[in-house]
Amino acid sequence: MKLGMIGIGDIAKKAYLPILSQTKGIELHICTRNEETLANVASTYRINQAYHHLDALLSSGIEAAFVHSSTESHEAIIDQLLDNGIHVYVDKPITYFSESSKRLIEKAKRKGLILMVGFNRRYAPPYRKLKELSTPNMILMQKNRGHHPADTRTFIFDDFIHVIDTLLYLFPYTIEEIIIRGKQKDGKLHHVTLQLESNKGTAIGIMNRDAGTTEEIVEVMSSDETLKVMNVRDITSHKDKKILDYGSDDWQPTLEKRGFYHIITHFLDLVRNDAQPYNGYERDLETHLLAEKIVQHFMK
């Protein structure tokens, strides 16, 4: 399979190149305007197909592409890929706006192409374990960073969108009420809380980008058991006054624990199997629409 990669920055180097470079049956073609980065990555991973311009990559015969360029560039690049009949995997978000994200999703569906978003937490084994509590009464998620307040749209779409998507993944009920709170100062959003309400349960997501630390904690509670995951790794169960620490498998690679291996494999399997329908469009769109709702709340 001829596979393209557009943009080879930090996330591509940390998560995607290590996996794709070791995947059998892949002929990887990389593309970036940074000549030094292109040469270094091509040399490191022994990639012979390297391009400075997207048009050259599009002419190479690739079947699918991973888009790891800046969020601002996503819309134009995805448009070109879809117009050339190429399946797309894009880092979250699709774009910074729900309207353009919806347009691209609908375009992919019309063309019978895949447009998958890199919400890796849906595929992370620790979070799939949380999903086993099928009737939770409360879900709490915190994803905090130190000293990184940002403009509202960047904060929500580039970072908090992971919290949104994880809550929607874990919360099995119809949402009846949405409550949004946060703190803005000097044009920057410092923290946000999102509360999803159903008559069967509550889901609360918190992000503080002025917390002095980087951490991610998720708790799923039911009347019988509470499961807790720390930093997409360590799992603890509280049940019948007993605490069971599942810990983490030190032999399991980090990229597998965090879901990258599984989401990449899923995308490649869809492409290999004649692009069987991708069933994540509805959830991807719901996540982007809720992100837009939060942004609009703070722009009133």
Euclidean distance of C-alpha centroids, region 1-43 and region 155-211, integer Å: 33
statement: Log entry: pair-distance distribution for region 125-206, C-alpha pairs binned every 5 Å from zero, whole % per bin is 3, 14, 25, 23, 15, 11, 7, 2, 0
query: Which aspartates and glutamates have a Cα lying under 12 Å from the Cα of Lys131, excluding residues fewer than 8 positions away in the same chain?
result: Glu219
- request: Return the single residue from His147, His68, His162 with maximal mean-square fluctuation; model: Gaussian network over the chain, springs between Cα atoms under 10 Å.
  value: His147
- request: Pull up the DSSP beta bridges for the chain and report the antiparallel fraction as a percent, rounded to 5.
  value: 60
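List the relative contact order of region 1-140 as a percent without decimals, with contacts defined as Cα pairs under 8 Å and 6+ residues apart.
That works out to 20 percent.
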- request: For the chain, count all C-alpha to C-alpha pairs, find those more than 26 Å apart, and express that count as a whole percent of the total.
  value: 48
statement: Beyond 27 Å (Cα-Cα) in this structure, taken from Lys200/Lys293; Lys13/Lys293; Lys2/Lys111; Lys111/Lys143, we find Lys13/Lys293; Lys111/Lys143
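Ranked by Cβ crowding within 10 angstrom, fewest neighbours first, how are Arg258, Arg33 ordered?
Lowest count first: Arg33, Arg258.
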- prompt: Can you list the HN-Hα couplings for region 238-243, worked out from phi with the Karplus curve (6.51, -1.76, 1.60; θ = phi - 60°), rounded to whole Hz and with x for Gly and Pro?
  reply: 10, 8, 6, 6, 10, 10
- line: Taking a straight Cα-to-Cα line shorter than 13 Å from Lys185, and setting aside same-chain aspartates and glutamates fewer than 8 residues away, one finds Asp151, Asp210
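Computed from the coordinates by the stated procedures, all read-outs in this text should not be read as laboratory data. The structure presented is a predicted model; accordingly, all values stated were derived computationally and were not measured. Note: ideal-geometry Cβ built from the backbone for every residue, glycine included; neighbour counts use all protein chains shown.
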